[in-house]
Amino acid sequence: MLVQEKIKILYIDDEINNLIGFKASFRVNYTIFTANNISAAYEQLDLHPDLRIIFCDQRMPDKTGVQFFEDMREKYPHPIRILLTGYTDVEAVIEAINRSNIYRYVKKPWVDADIISAIEEGNRFYMVNSMISIKNEELQKAYDELDKFAYSVTHDIRRPLLSILGAIDVAQYIDTLAELKQMLHMMEESVKNLDGYIKDIHDYYNLRRGELNIEEINFHEIVKVLEDAYGDFARSNRIQFIINISQREPFRTDKISINMILNNLLANAFKYQRVRESNKLVELTISVETGMLTISIKDNGIGIQENHTSQIFDMFFRASVSETGSGFGLYNVKNALVKLNGVVKVDTQIGKGSVFTVSIPNK
């Protein structure tokens, strides 16, 4: 049975008897911290950042309770602030209470029922505010992501379309078959780029919204599909495509995510080869052992600059302006691995290639 964590409360009062009485009355049901001056109160706030509720006496010698709450709001905005005040103080502090956004006040001398009521109501208010704060952060992150997405769509989808329109315009004035074929080839490449971009967007939304479908994976079957998909490209571009596979035990995970990870990493390995390299290589190694899947994709291509390795999994990141990728591929790989509780390691060197090593536990 789970034991619910006690609400942490700070009580500030310059009268020692009040501090002792408060702690004695409520220490069974709550975790109570006390301070007899404002400096000690700040020390407690620094030591216990998860304090939820603060009671402070209005008539403190070094600073009033309202002044303390006004000052502390900027650095400690989350704890619920409750003022303790004598009945005759009420009229004088109502305006100040509103100004410093104090949750409520409790009359002194207080009774246990009023304190308990203030704590329970304050805690509910704290929980609601915490959830709103989390949602606001998530909303801001989604907004920032949408802003990037909108820019990418207008820029990266229009680019191949404008290229196609330009080629069509030029083709109208071409008389020779050789030049016409060249224009058709340019249009074909633009269509392929556009199709790849749309596919990456589709993968992105599938990962963000879709549920995992856990099933037993036969990696020999997956590798056969990959060999067929990349074999012709490898042969036509004189790239040696080596596949090593070792699966000695059953492995369960989401097949769609695995295919997406493999396809994105392999596509990059083939895409970023060195033009003048005579022995171009892409090597895929898959191993399933003791409940862990390890995928290694090695190439001897152009490599990645060291100062870019921490950014390559960010949305829309491109290591150079000359690259034509969507900026979604490795971002999708990272999101898939988060869902599968997997990790990826990158070893790379400019001009000597890269090795991406993925580790995923059995589901």
query = Using 1/(1 + (r/R0)^6) with R0 = 41 angstrom and r between the beta carbons of Lys75 and Ala24, what's the FRET efficiency to the nearest 0.05?
reply = 0.85
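Take the residue pairs Lys298/Lys352; Lys23/Lys108; Lys141/Lys255; Lys334/Lys363 and return only those whose Cα atoms are more than 20 Å apart.
Lys141/Lys255
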inquiry  = Along each principal axis of its Cα atoms, how long is region 212-356 end to end? Whole angstroms, biggest number first, please.
reply    = 41, 32, 23
request  = With a 10 Å radius around each residue's Cβ, average the other Cβ atoms per peptide and rank 131-141, 290-300, 165-175, 62-72, highest first.
outcome  = 62-72, 290-300, 165-175, 131-141
remark   = Shape descriptor, region 260-317: equivalent ellipsoid semi-axes (Cα gyration tensor, sqrt 5λ, whole Å, largest first) stand at 22, 18, 10
key: Derived scalar couplings ³J(HN,Hα) [region 51-64; Karplus, 6.51 cos²θ - 1.76 cosθ + 1.60; whole Hz; x for Gly, Pro]   = 4, 9, 9, 10, 9, 9, 5, 5, 9, 8, x, 8, 6, 5
note = Expected sort for 250-262, 234-246 on mean C-beta neighbours within 10 Å, highest first, is 250-262, 234-246
message = As a test of reading the structure, rank Tyr11, Tyr76 by solvent-accessible area (1.4 Å probe, protein chains only), most first.
response = Tyr76, Tyr11
query = Taking Cα atoms of region 9-56, Rg/Rh with Kirkwood Rh, to two decimals?
reply = 0.93
ask   = Which whole-number percent of Cα pairs in region 48-90 have a distance greater than 16 Å?
value = 36
Lys271-Asn136 pseudo-label distance in nm [points 7 Å out on the Cα-to-Cβ vector] = 3.9
key: Accessible-area order (highest first, 1.4 angstrom probe) of the listed residues Val355, Val191, Val275, Val282   = Val275, Val191, Val355, Val282
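The values are calculated or read from the model by the stated rules, or taken from the named source; none is laboratory data. Predicted model, so just to flag it, every value in this text is computed and none were measured. Cβ sites come from the backbone with ideal geometry, for glycine too, and all protein chains shown count toward neighbours. Only protein heavy atoms, including side chains, enter the accessible area calculation; ligands, DNA and RNA are left aside. Shrake-Rupley method; radii C 1.70, N 1.55, O 1.52, S 1.80 Å.
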